[in-house]
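Here's the structure we're looking at; comments come further down.
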């Protein structure tokens, strides 16, 4: 059984997801000793030597604009090229795959336990903000009246017939996203992998609570894009966390040995660049 | 195999509870085999629905709810009126959506059993106390009379005797045990049953918080764990869909178990005809 990590990286006009992926791949090698393959439509430069395999796609066109925050006071409207996650099953060179967002920072080997679990599909449903926010409704359900929210940030799957059906279902949901938006009662028209995967999991569970997707090992820690990543030193991250209802005021947080999803990609790239 | 007896008590007012009971009976016959259903009512049952019931029994000893809008003052008579040695009692505004034979097997362990754990349409346990503030404040057993079971026994007989006394003197009992009219300004079977259980100190004998079922999906609007409140009518947030094979979906969720729809206008011709068609009733 081959094991590895698959990353999707589609640069936009301002953010270099391939650079983020290269940085993440080096950390995956260091902390998990797993190979990483990248799916991209960019010519991966020689300096990005961390990849086991580069799966090059033709230029992926996707108009999916979203606001990217860089702390409280700066944001940019950029193309959110989050396509491809639904093709993980088809594209992964591994029989057992962990798919990660490029803005996920690996600091330990806990996700390796996913490979020894009997569950063929694992992702996070629970999550914790790195600071003070105990519960953020948008991460509980995809809408007030609808289904539970599952994170597509990190996924584990084995290549099984059932998972083939699952990923085909995600493709179908993506292709008919406006229909599913109406049926599942969410307002935002921007395609979100989290939503498509949450809906697909709900359907695989027979439109009820179920155990098609089990919880990944470890904690799903995240910082929001209004928080600011300041530094990464080995497995220690320093983050400025925006205070609740105090625009532009921050609390310094130091996190050690925990994997973290950094949503402020500008600050992540600054740290990668050493600025 | 336990005897599968169901009992409902229906008294019409502005709402047609007998029709609800007929729909509930149709749902029972659709999903459960070898059942017996008793309807306790003084109101006429449409002739085409009489075959749904094995027993149609008059409410005994007159109508104690004659002057009530919300007619519950006869509920304590269920124990005395049924032709069974044991029965499950359900509210009329319920649909039984699956075979619950195993529930009856489980209930054999009890003389009297009340469900104490109910669910949202999404299958989450309801912790919200919006509709039962007195229960928390006055440490009443968190039981729901919408689904309960008893077998003719000393325990059940004594319990129903207390229920009679509490129902007939609810203002005094609620004042002593449930904070009076500030918390509950009409007689409630849930509150009355909880007070009876507390007085008899039998909470541990009649509820079991460690089991998921028997239970029901409780559709009161404010306890669905919604961030936004729109109205008391849950259909203003999520739509019901009944498929040709009588699978019920509420919003994005397939329903199983027992569905307590609570809103009277949930019952419409479409739903009734779907069940009638399935059972060949015309």
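Read-outs throughout are calculated quantities, based only on the coordinates presented, and are distinct from any laboratory measurement. Note that this is a predicted model, so its numbers are computed, not measured. Ideal geometry is used to build each Cβ from the backbone, glycine not excepted, and the neighbour counts take in all protein chains shown.
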Q.
Here is a check on your reading of the model: is residue A:81 within 23 Å of residue A:187 (Cα to Cα) and assigned to a strand (DSSP E or B)?
A. no
(Q) Let me confirm something: among A:189, A:160, which residue is surrounded by fewer than 18 Cβ atoms within 10 Å (Cβ to Cβ), away from every other protein chain (no Cβ under 14 Å) and farther than 27 Å from residue A:5 by Cα? (A) A:189
Q. Filter region B:228-247 for residues that are within 11 Å of chain A (Cβ to nearest Cβ) and buried (at least 16 other Cβ atoms within 10 Å of the Cβ); which is farthest from residue A:181 (Cα to Cα)?
A. B:234
Q: Those residues that are within 14 Å of another protein chain (Cβ to nearest Cβ) and either in contact (Cβ under 8 Å) with a residue 12 or more places away in the chain or closer than 19 Å to residue A:114 by Cβ (or both), I need them from region A:163-180; list them, please.
A: A:173, A:180
Q | Test: residue B:254 is surrounded by 16 or more Cβ atoms within 10 Å (Cβ to Cβ), under 20 Å from residue B:126 (Cα atoms) and more than 10 Å from chain A (Cβ to nearest Cβ) | A | no
Q: Can you confirm whether region A:210-218 contains a residue that is farther than 30 Å from residue B:250 by Cα and crowded, with 16+ Cβ neighbours inside 10 Å?
A: yes
(Q) Checking residue A:90 against (1) more than 17 Å from the chain's Cα centre (by Cα); (2) touching a residue at least 12 places away in the same chain (Cβ under 8 Å); (3) assigned to a loop (DSSP other than H, G, I, E, B), only one condition comes out false. Which one? (A) (3)
Q.
Going residue by residue through region A:198-213, is there one that turns out to be more than 14 Å from chain B (Cβ to nearest Cβ), in a strand (DSSP E or B), within 19 Å of the chain's Cα centre (by Cα) and within 23 Å of residue A:158 (Cα to Cα)?
A. no
Q: Tell me, yes or no, whether region A:175-191 has at least one residue that is touching a strand residue (DSSP E or B) at 6+ places or on another chain (Cβ under 9 Å) and closer than 14 Å to residue A:152 by Cα.
A: no
(Q) Return the residues of region A:94-143 that are within 14 Å of chain B (Cβ to nearest Cβ) and surrounded by fewer than 17 Cβ atoms within 10 Å (Cβ to Cβ); say none if nothing qualifies. (A) A:135, A:136, A:137, A:138, A:140
Q) Is it the case that region B:208-223 has a residue that's under 30 Å from residue B:173 (Cα atoms) and exposed (fewer than 11 other Cβ atoms within 10 Å of the Cβ)? A) yes
**Q.** residue B:267 vs. criteria within 11 Å of chain A (Cβ to nearest Cβ) and closer than 27 Å to residue B:13 by Cβ
**A.** no
